[in-house]
1. Are any of the residues in region 96-107 surrounded by fewer than 14 Cβ atoms within 10 Å (Cβ to Cβ), part of a loop (DSSP other than H, G, I, E, B) and not hydrophobic (A, V, I, L, M, F, W, C)?
2. Select, from ARG7, ARG81, the only residue that is under 15 Å from GLN131 (Cα atoms), over 15 Å from the mean Cα position of the chain (by Cα) and not aromatic (Phe, Trp, Tyr).
3. Out of all the residues in region 18-43, which are among the β-branched types (Val, Ile, Thr) and in contact with a Ser or Thr (Cβ under 9 Å, 6 or more places away or on another chain)?
4. Condition (residue is in contact with a strand residue (DSSP E or B) (Cβ under 9 Å, 6 or more places away or on another chain), among the basic types (Lys, Arg) and surrounded by fewer than 17 Cβ atoms within 10 Å (Cβ to Cβ)) applied to region 118-126: is it met by at least one residue?
5. Give region 2-57 a look and list any residue that's farther than 22 Å from GLU86 by Cβ and among the basic types (Lys, Arg), or say none.
6. Looking at ASN57, ASN73, which is the one that is polar (S, T, N, Q) and exposed (fewer than 15 other Cβ atoms within 10 Å of the Cβ)?
7. Working only within region 1-30, note down all residues that are touching a Lys or Arg at 6+ places or on another chain (Cβ under 8 Å), surrounded by fewer than 16 Cβ atoms within 10 Å (Cβ to Cβ) and more than 16 Å from VAL78 (Cβ to Cβ).
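Each value in this text was obtained by applying a stated rule to the coordinates, not by laboratory testing. Not measured: the values here are computed from a predicted model. Here the Cβ is made from the backbone with ideal geometry for all residues, glycine too, and neighbour counts use every protein chain on show.
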Amino acid sequence: MPDKLSRKARDLLARPVLASLATVSRDGTPQVTPLWIDVDGDDLMVNTARGRVKADNVQRDPHVAVTVLDPDNAYNVVVVRGTVIEVTRDGADEHIDHLANKYLGVTEYPNRRAGEERIMIRIRTDRIVMQPSDG
């Protein structure tokens, strides 16, 4: 059963704060990418383009880790061990536009490349290692 995000963790994840996504490379080594993040229920949502290293890694091995660190308070941090439970094209273009609005304040993602296929990655929060408490 997945862990639940605290209210304070949700507050941090709602802000335009970069996350670090760790995936497992083909040779077993870790690969870490800073990226934009969103939440749907207790699942973490990220967006990328098909063919990128992180996209290939999660297709092969769904085990990931995510860290989100508050730039204003280093003790306000969310660390998750999770499993990618969905990789989909459905809604991915709208999702990257939503993230562009959250992070850049624009209505459309400005860095689209011709022929790029966006994918949305859903991460189940199997174990929340650290998060701010509500107390």
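1. Checking region 96-107: at least one residue is surrounded by fewer than 14 Cβ atoms within 10 Å (Cβ to Cβ), part of a loop (DSSP other than H, G, I, E, B) and not hydrophobic (A, V, I, L, M, F, W, C).
2. Going through ARG7, ARG81 in turn, just one is under 15 Å from GLN131 (Cα atoms), over 15 Å from the mean Cα position of the chain (by Cα) and not aromatic (Phe, Trp, Tyr): ARG7.
3. The initial filter retains those residues of region 18-43 that are among the β-branched types (Val, Ile, Thr), namely 23-24, 29, 32-33, 37, 39.
Selection gives THR23, VAL32, THR33.
4. no
5. Passing the criteria: ARG7, LYS8, ARG15.
6. Answer to the selection: ASN73.
7. ARG26
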